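The next block holds one structure in the form of structure tokens; read it before the comments.
The values are calculated or read from the model by the stated rules, or taken from the named source; none is laboratory data. Predicted, not measured: the structure shown is a model, and the values here were computed from it. Cβ sites come from the backbone with ideal geometry, for glycine too, and all protein chains shown count toward neighbours. Areas reflect the complete protein model, heavy atoms only, side chains present, ligands, DNA and RNA absent. Shrake-Rupley method; radii C 1.70, N 1.55, O 1.52, S 1.80 Å.
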Amino acid sequence: MTNKKSIIEKGWNLDNSYARLPKSFFTSLTPIPVRSPKLIILNVPLATSLGLNVQALQSKEGVEMLGGNEIPEGALPLAQAYAGHQFGYFTMLGDGRAVLLGEQITPLGERFDIQLKGSGRTPYSRGGDGRATLGPMLREYIISEAMHGLGIPTTRSLGVVTTGESVIRETELPGAILTRVAASHLRVGTFQYVSKWGTVEDVQTLADYALQRHFPDFDSAENRYLFLLQEVIKRQAVLIAKWQLVGFIHGVMNTDNMAISGESIDYGPCAFMDDYDPATVFSSIDRQGRYAYGNQPHIAGWNLARFAETLLPLLHVDQTQAVKLAQDAISDFTVLYHYNWLAGMRAKLGIFNEEIQDESLIENLLSMMQKYHADYTNTFRALTFDTLEDTVLSGSIELGQWQELWQARLGRQQESKADSQQLMRDANPAIIPRNHRVEAALEAAVQENDYTVMERLLGVLSNPYAHSEAQAEYSRLPTTSTCAYRTFCGT
């Protein structure tokens, strides 16, 4: 493996601030070379915004870099250590199949992690092969780009390459590597790892690093570590509310899958809900519904409490006072989440101002949708364009009664009907990555080497609020039931 100057280096502007942290936080290593990397998809707009040379990335040397066979100048590859509560049980973890190349500094001065996922074994692989298969890597690409289009904070995918090697799961599958771009890969689990196996000074070093990287306004705070906790809570309240508003289910909200930056991260067994049901679960291993759609706000609060525990020694010299500060901050999460969710739901119904009865109006609609198994996305789309006759709610007595209350509510605000409809158009996507559409795209790609299905899907997902004719086809529900739909992690 070489560090030679070549066309691939054009546009790379890497720094390595994480590599300057204590050595116990990571293991330095290079990706394990693969046989013959081949570019499957490149995110040209993202590459351009990062200041990267698109032509260079598409060259032979560029593809070698995306496959881990070449390392760009300035990179100091490493695997990060972290821990986490997985389904409530604490365990040691780490980057078992990922390598952080470094941090790209963009032309605007922003900093983004560049990570190769599926790049081979690391000291944290725990018996795994460190590799990834093509289907799940393309799935992460699709879902993360859909989330970006929906305006939801998310890690993104720069590209996917196949490796020319097979990976054994249930069967023999084509191997692949995804290049993930993130504001950072600092997780709640990162803090848990340092808190458990490091010193208080290590926790302080990590907290100071997180502040510098994500919350640079901390200088004005009286207690910088309380400020860190509060800001992470605020970002998670916004993020989880956005998930709920579009029917997104992460599937495995372990503490190692909660990013300090407030981005959605680690797209394993995730999917978007069709019929509205708070009990909807997509993870094949979540048999108890811990990470069901309706539980996501609660789990986020639980995860944040685990984060707060790691900061206790920094919050106050007196443990009793530290616990009180942490508890007060955590209690704010529910209020902040509810505020963001309620504001979002008002927008989905075209409501500009606030009334006490709004929450009842919203809950009555959701209860009706659950009773009649109404599609979540399409119901709000129908409300936006006054086409409720096309939904399963049509003709129900409850719908007529609810519409009267809704129209009366809209009539009590000064904004016009056109204003309300525009607000709803901007809040209700025409399209989400429907499970059956995603699976069809992956099947065509993996089984038939046909990427056109995925490309068309990505095209309509790029601007989900356009409400274009092309998107109408993708809003249709599957012909067969998806109630047994399950996704898997670790593939």
Discussion item. So if I check each of Ile41, Ile114, which one is under 22 Å from Arg213 (Cβ atoms), outside any loop (DSSP other than H, G, I, E, B) and of a type in the set (Val, Ile, Thr)?
Written reply: Ile114
Discussion item. Please determine whether any residue of the stretch 91-108 is under 23 Å from Ile265 (Cβ atoms), hydrophobic (A, V, I, L, M, F, W, C) and without any contact (Cβ under 8 Å) to a residue 60 or more places away in the chain.
Written reply: yes
Worksheet entry | Matching residues in the stretch 142-151 - criterion: being open to solvent by less than 10 Å² (accessible area, probe 1.4 Å) and farther than 12 Å from Pro429 by Cα | Ile142, Ile143, Ser144
Worksheet entry | Answer residue from the stretch 45-60, given it is assigned to a helix (DSSP H, G or I) and open to solvent by less than 60 Å² (accessible area, probe 1.4 Å) and is nearest to Thr154 (Cα to Cα) among those | Leu46
Practice prompt. Any chance you could count how many residues in the stretch 156-191 are in a strand (DSSP E or B), of a type in the set (Gly, Ala, Ser), in contact with a Leu (Cβ under 8 Å, 6 or more places away or on another chain) and open to solvent by less than 10 Å² (accessible area, probe 1.4 Å)?
Written response: 4
Worksheet item: Hey, among the residues in the stretch 257-283 that are open to solvent by less than 10 Å² (accessible area, probe 1.4 Å), not in a loop (DSSP other than H, G, I, E, B) and not aliphatic (A, V, I, L, M), which one's nearest to Val181 (Cα to Cα)?
Response: Ser264
Worksheet, complete the sentence: Being farther than 22 Å from Thr452 by Cα, surrounded by 20 or more Cβ atoms within 10 Å (Cβ to Cβ) and not acidic (Asp, Glu) narrows Val34, Val63 down to just Val34
Worksheet item: Restricted to the stretch 464-491, and to residues that are of a type in the set (A, V, I, L, M, F, W, C) and more than 11 Å from His436 (Cα to Cα), which residue is modelled with the highest pLDDT?
Response: Ala466
Worksheet item: Mind checking which pairs have a first residue in the stretch 460-475 that is closer than 19 Å to Met273 by Cβ and open to solvent by 60 Å² or more (accessible area, probe 1.4 Å) and a second that is of a type in the set (A, V, I, L, M, F, W, C) and part of a helix (DSSP H, G or I), Cβ under 6 Å, 6 or more apart or different chains?
Response: none
Worksheet entry | Among (1) under 31 Å from the mean Cα position of the chain (by Cα); (2) free of Cβ contacts under 8 Å to residues at least 12 places away in the same chain - the single one Asn378 does not satisfy | (2)
Worksheet item: In this structure, does Gly96 turn out to be of a type in the set (Gly, Ala, Ser) and either open to solvent by less than 10 Å² (accessible area, probe 1.4 Å) or over 30 Å from Val44 (Cα atoms) (or both)?
Response: no
Response to the item:
Going through (1) modelled with pLDDT under 95; (2) touching a Leu at 6+ places or on another chain (Cβ under 8 Å) one by one, Val323 fails only at (1)
Fill in: Which numbered condition Ile32 fails, given (1) part of a loop (DSSP other than H, G, I, E, B); (2) in contact with a strand residue (DSSP E or B) (Cβ under 6 Å, 6 or more places away or on another chain)
(2)
Practice prompt. Take the stretch 228-256 and flag every residue that is outside any loop (DSSP other than H, G, I, E, B), buried (at least 21 other Cβ atoms within 10 Å of the Cβ) and without any contact (Cβ under 8 Å) to a residue 60 or more places away in the chain.
Written response: Ile249
Discussion item. I'd like to know if the stretch 325-347 contains one or more residues that are aromatic (Phe, Trp, Tyr) and surrounded by fewer than 20 Cβ atoms within 10 Å (Cβ to Cβ).
Written reply: yes
Worksheet item: Filter the stretch 230-279 for residues that are hydroxyl-bearing (Ser, Thr, Tyr) and touching a strand residue (DSSP E or B) at 6+ places or on another chain (Cβ under 6 Å); which is farthest from Asn378 (Cα to Cα)?
Response: Thr255
Item to complete: Could you please let me know if Asp217 is in a helix (DSSP H, G or I), surrounded by fewer than 24 Cβ atoms within 10 Å (Cβ to Cβ) and in contact (Cβ under 8 Å) with a residue 40 or more places away in the chain?
Response: no
Practice prompt. Kindly establish whether Gln212 is open to solvent by 10 Å² or more (accessible area, probe 1.4 Å) and closer than 26 Å to Leu93 by Cβ.
Written response: yes
Worksheet item: Here is a list of conditions, (1) in contact (Cβ under 8 Å) with a residue 12 or more places away in the chain; (2) small (Gly, Ala, Ser); (3) open to solvent by 30 Å² or more (accessible area, probe 1.4 Å), and Ala408 meets all of them except one; can you say which number that is?
Response: (1)
Discussion item. With the structure loaded, tell me whether Ile71 is farther than 30 Å from Gly289 by Cβ, under 23 Å from the mean Cα position of the chain (by Cα), surrounded by 17 or more Cβ atoms within 10 Å (Cβ to Cβ) and aliphatic (A, V, I, L, M) or whether it fails that test.
Written reply: no
